[in-house]
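J.: After the structure tokens below, expect a handful of questions from me.
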Amino acid sequence: MDGILITIYRTVLGFAFLLMLMRLLGKKQLGELTFFNYATGIAMGNIIGDMVVHKEITVWESLASLTFWAIAVFSIEFLNRHSPLLTKLTKSQPTIVIKKGQIMQKELKRMQMSMDDLLMLLRIGAVFDITEVEYAVMEPNGQLSVLKKPLKDSVTKEDLNIPPEAPQYLPTMLISNGEKIDQPFKEYSLSDEWLDKQLKSAGYQDVKEVFFAQLQDDGEVFFVKKEKSS
């Protein structure tokens, strides 16, 4: 019974102390958190967890560890607001992944980000056609900021009283990094002969030459040539 009471006491004390530290460090919305914020939360949670579970660790040792961790985090956040150089060292910077409509293949490779990942983030932002994008920036918190091309972000058919037309296809990836994606070919009954014809009409001899290909809603295919490895 005494062991249970001690565990409850440690849990309540740790929770209250952690809550106080979080309020002192400030709060952000979940979408604004960086990986450093996540790591800080996990580390502090582990310290509290160790204090509750491992009785050989005294309460004061755990609270001291939490306090010094909080001081370190607060100091870094404070210095980040006053030192651009330190900000570059401690925080990741926004990365342009689409520039003037061109996919930045080297940046995707550096971030270990696939075209599937990029297309998913675009769809989350209600962009289903990558050809509509002028700029796309990967933010430090993992979100994708998108600027559409001017001609793709102007008046709508509703504004001009033009009857809408249902798209023939949902924009779908056909080729990723030189590899054919089988699923859309089965879904839309597209043959290898059809793909060969599309490749040759775009000036490609082999699918390996293509970094990315997307079936557009009107049935056309958008190709991006694979860059040579440096």
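The values are calculated or read from the model by the stated rules, or taken from the named source; none is laboratory data. Because the structure is predicted, anything quoted here is derived from the model rather than measured. Heads up, the Cβs are rebuilt from the backbone with ideal geometry, glycines too, and the neighbour counts pull from every protein chain shown.
For (1) modelled with pLDDT of 80 or more; (2) touching a helix residue (DSSP H, G or I) at 6+ places or on another chain (Cβ under 8 Å); (3) among the acidic types (Asp, Glu), each residue gets a yes or a no:
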{"residue": "LEU24", "(1), (2), (3)": "no, yes, no"}
{"residue": "GLU32", "(1), (2), (3)": "no, no, yes"}
{"residue": "ASN37", "(1), (2), (3)": "no, no, no"}
{"residue": "GLY49", "(1), (2), (3)": "yes, no, no"}
{"residue": "ILE57", "(1), (2), (3)": "yes, yes, no"}
{"residue": "LEU63", "(1), (2), (3)": "yes, yes, no"}
{"residue": "ALA70", "(1), (2), (3)": "yes, yes, no"}
{"residue": "VAL73", "(1), (2), (3)": "no, yes, no"}
{"residue": "LEU86", "(1), (2), (3)": "no, yes, no"}
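A quick yes/no check of all residues on (1) under 30 Å from SER229 (Cα atoms); (2) basic (Lys, Arg); (3) surrounded by 14 or more Cβ atoms within 10 Å (Cβ to Cβ); (4) modelled with pLDDT under 85:
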{"position": "THR7", "(1), (2), (3), (4)": "no, no, no, yes"}
{"position": "LYS27", "(1), (2), (3), (4)": "no, yes, no, yes"}
{"position": "PHE78", "(1), (2), (3), (4)": "no, no, no, yes"}
{"position": "ILE98", "(1), (2), (3), (4)": "yes, no, yes, no"}
{"position": "GLN102", "(1), (2), (3), (4)": "yes, no, no, no"}
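J.: Still on this structure, I have one more. Across segment 191-226, what is the total count of residues that are of a type outside the set (Ser, Thr, Tyr) and out of contact with any strand residue (DSSP E or B) (no Cβ under 8 Å at 6 or more places or on another chain)?
T.: Within segment 191-226, residues that are of a type outside the set (Ser, Thr, Tyr) and out of contact with any strand residue (DSSP E or B) (no Cβ under 8 Å at 6 or more places or on another chain) number 14.
J.: Here's a follow-up. When segment 109-123 is examined, which residues are found to be aliphatic (A, V, I, L, M) and over 24 Å from LEU170 (Cα atoms)?
T.: Matches in segment 109-123: MET111 only.
J.: Further question on the same structure: Could you give every pair whose Cβ atoms fall below 7 Å, whose first residue belongs to segment 3-29 and is among the charged types (D, E, K, R), and whose second residue is in a helix (DSSP H, G or I) and at pLDDT 80 or above, counting only separations of at least 6 or pairs across chains?
T.: Cβ pairs passing all conditions: ARG10/MET51; ARG10/VAL52; ARG10/VAL59.
J.: Report those strands (runs of 3 or more DSSP E) wholly inside segment 114-180 carrying at least 2 residues which are at pLDDT 75 or above, under 25 Å from ASP192 (Cβ atoms) and polar (S, T, N, Q).
T.: Those strands (runs of 3 or more DSSP E) span 172-176.
J.: Moving to a separate point now. So, of the residues in segment 54-66 that are touching a residue at least 12 places away in the same chain (Cβ under 8 Å) and in a helix (DSSP H, G or I), which turns out to be farthest from LEU21 (Cα to Cα)?
T.: Residue satisfying both the conditions and the ranking: VAL59.
J.: Inside segment 167-216, can you point out the residues that are over 20 Å from LYS228 (Cα atoms), among the aliphatic types (A, V, I, L, M) and out of contact with any helix residue (DSSP H, G or I) (no Cβ under 8 Å at 6 or more places or on another chain)?
T.: LEU170, ILE181
J.: Confirm whether GLN205 is outside the structural domain of MET115 (by TED's automatic domain parsing), farther than 24 Å from GLN168 by Cα and not in a helix (DSSP H, G or I).
T.: It is true that GLN205 is outside the structural domain of MET115 (by TED's automatic domain parsing), farther than 24 Å from GLN168 by Cα and not in a helix (DSSP H, G or I).
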